[in-house]
Structure formats: C-alpha cells, structure tokens
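The values are calculated or read from the model by the stated rules, or taken from the named source; none is laboratory data. Predicted model only: the values in this text are computed from it and were never measured. When we count neighbours, we look across all protein chains shown, and the Cβ atoms used for this are built from the backbone with ideal geometry, even at glycine.
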Amino acid sequence: MSAIRCAGCGIQDGLLPSEPLHADTAWRCRKCNYTEPAANVRKFVEKVAAALEGVDQNDANALEKAVERWSAHLGPSHYLLAGLHHSLAMLYGRAPGLLPHVLSNKQLSRKASLCRSLLELVDVVQPGRNSLRGKRLFFNH
C-alpha cells in the first residue's frame, strides 16, 4: 500500500522498501534494482499528501483530476490513491448532483470499478468476512 513509480524503469508500483520493517531503509525497484533513499521517498509522499489536502472531498471532478495526476506516480494500491478512490466511491450515488438517477453510465461504471478495486484491496489487507468488506459491498450498490 506504499509502492511508488520507479524513476529508473518507470514501472508504476516498482519502488518498495528493501527492508520493510526498517523506516530508514532505501527503496528498491523490484524490476531494475534502482534505489532511492528513504528520505527522498518520504518527502515525495509528504508532498503528495499535502497536495491532496487541498482537494475538495465533495467535488468528484477535483477528486478525479487528483487520481489522474497522482496515479502516474503512485502504485495502484497506494494508500493515498485508495483514499481518493474511497472518497469517489462514496460520492457517486450519494452526493447532491450525483444521485443514482442522474449518474451517467460512465459514472456508474466508474463507481463499480472503484468499489471493485477497493474490495480487492480489502481482500489483501483484511481477508474474509468483516465490517470493512461489508461496507465496501454496501457502497457498491
């Protein structure tokens, strides 16, 4: 949930901590072995988090733009992207102007896609029957 794009080979979820239990370990690409110091990765993630703090969580267009912008730099299951996906899934079908009867087919498909990706993430983080999975299933309808 923390992988980022490798600056060496460009693989989207390539950079991971080489020793995950040590906070100051270098990050290494699983494909090309490019390494990045932990401090650089930490600064980058803080920069992204700060940018996302300014995104209106009630504005689906702003959230979609943030997803588009940062998806190129963060792994598909990165916790910051997962947070954006969660916010979008909650908005589609429940927010004023985005209620089910006014959503386009594209928006409905997007909501379903977001819910599926969040369910896949839940299956990894907390497999089995649990409240987190139940909530994801509930918001899928």
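Per-structure values
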| item | result |
| --- | --- |
| Scan of the stretch 38-47 for residues that are over 12 Å from Ala23 (Cβ atoms) and not charged (D, E, K, R), ordered by number | Asn40, Phe44, Val45 |
| When residues of the stretch 1-20 are limited to those that are touching a Cys at 6+ places or on another chain (Cβ under 6 Å) and in a loop (DSSP other than H, G, I, E, B), the one modelled with the lowest pLDDT | Gly14 |
| Selection from the stretch 6-19 of residues that are closer than 18 Å to Ala39 by Cβ and buried (at least 21 other Cβ atoms within 10 Å of the Cβ) | Cys6, Leu15 |
| Cβ-Cβ under 7 Å pairs, at least 6 apart or on other chains, the stretch 28-40 side in a helix (DSSP H, G or I), far side of a type in the set (Val, Ile, Thr) | Ala38/Thr25 |
| Residue match in the stretch 35-44 (condition: basic (Lys, Arg) and assigned by TED's automatic domain parsing to the domain that holds Pro17) | yes |
| Filter pass, Ala23 being hydrophobic (A, V, I, L, M, F, W, C), at pLDDT 95 or above and not assigned by TED's automatic domain parsing to the domain that holds Gly75 | no |
| Subset of the stretch 12-27 (residues that are among the aliphatic types (A, V, I, L, M) and in contact (Cβ under 8 Å) with a residue 24 or more places away in the chain) | Leu15 |
| Counted residues, the stretch 66-92 - those being assigned to a loop (DSSP other than H, G, I, E, B) and surrounded by 19 or more Cβ atoms within 10 Å (Cβ to Cβ) | 3 |
| Some residue of the stretch 68-86 being over 16 Å from Met1 (Cβ atoms), among the polar types (S, T, N, Q) and not assigned by TED's automatic domain parsing to the domain that holds Ile4 | no |
| Residues satisfying the stated conditions in the stretch 8-44, i.e. polar (S, T, N, Q) and in contact with a helix residue (DSSP H, G or I) (Cβ under 7 Å, 6 or more places away or on another chain) | Thr25 |
